[in-house]
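The values are calculated or read from the model by the stated rules, or taken from the named source; none is laboratory data. Source: prediction; values computed, not measured. Counting neighbours? That spans all protein chains shown, and the Cβs are built from the backbone with ideal geometry, glycine included.
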């Protein structure tokens, strides 16, 4: 992918087009519905406050969680707000949950964002994200067949100019796994509740945002069942992970 093409990723029009692609591909939309369903289910038993999605992009979480406040760093017609994740327009301890789908690995300064999340979250509030996983299979695929960088040797920063064209897909693993002791020292009141690996091949078969779908829609339940049966192999082949962090 050329530099000019990468720059196109930073245009609001590209994000809007991505949203149209998601809704036009039933198989891909079902993946998003499953992921959004986990967001909805996690809204139970949270302290009362704002439900916030950062990096809403071309997604449709509001169709699943109607009272969520959607936002993006780009000015988008489907979002309630436009701001950086590193500087949020919310009062201290006013947010009960921050949801992110493939967003953390784009944030330029992870520490600055986590400080800001720590500020706005209520006690008992959560940061709940779905991100690229770091497994042998995912590392191979992301490094050889995906335009976004995957650099496990990187630091906590994403350096570059574009909010979407610049990233490090290994960033969640770097911050919450490789450097977990550093994370604990810097954020003693942010507790990693769990990390769950999942979705080893459904997304590949969907074709994502740029490729053709490889299987018919009716196979979705069967492939989902196969993924569940193959869960013991997720440390080897999972492409995504869910990370939940709670403010204590």
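For the stretch 117-144, filtering for residues that are touching a strand residue (DSSP E or B) at 6+ places or on another chain (Cβ under 8 Å), under 19 Å from residue 87 (Cα atoms) and not in a strand (DSSP E or B) leaves 3.
Of all the listed residues (28, 46), the sole one being under 26 Å from residue 198 (Cβ atoms), in a helix (DSSP H, G or I) and at pLDDT 95 or above is 28.
Quick one: would you say residue 114 is crowded, with 17+ Cβ neighbours inside 10 Å, under 23 Å from residue 155 (Cα atoms), touching a strand residue (DSSP E or B) at 6+ places or on another chain (Cβ under 9 Å) and touching a residue at least 40 places away in the same chain (Cβ under 8 Å)? The answer is yes for residue 114. With the structure loaded, tell me whether residue 6 is modelled with pLDDT under 95 and either part of a strand (DSSP E or B) or farther than 20 Å from residue 175 by Cβ (or both) or whether it fails that test. So residue 6 fits the description; yes.
May I ask you to verify whether residue 55 is surrounded by fewer than 16 Cβ atoms within 10 Å (Cβ to Cβ), within 30 Å of residue 215 (Cα to Cα) and at pLDDT 95 or above? No; evaluated as a whole, the condition is false for this residue. A Cβ distance below 8 Å, combined with a sequence gap of six or more or placement on separate chains, defines the contacts here; from the stretch 84-99, residues that are free of Cβ contacts under 8 Å to residues at least 24 places away in the same chain reach residues that are assigned to a loop (DSSP other than H, G, I, E, B) and surrounded by fewer than 15 Cβ atoms within 10 Å (Cβ to Cβ) in the pairs 89/83. The set of residues in the stretch 77-89 being modelled with pLDDT of 95 or more, in contact with a strand residue (DSSP E or B) (Cβ under 9 Å, 6 or more places away or on another chain) and surrounded by fewer than 19 Cβ atoms within 10 Å (Cβ to Cβ) consists of 80, 81, 82, 83, 86, 89. Assessment of the stretch 93-116 against the conditions (in a strand (DSSP E or B), farther than 27 Å from residue 33 by Cβ and within 16 Å of the chain's Cα centre (by Cα)) yields at least one matching residue.
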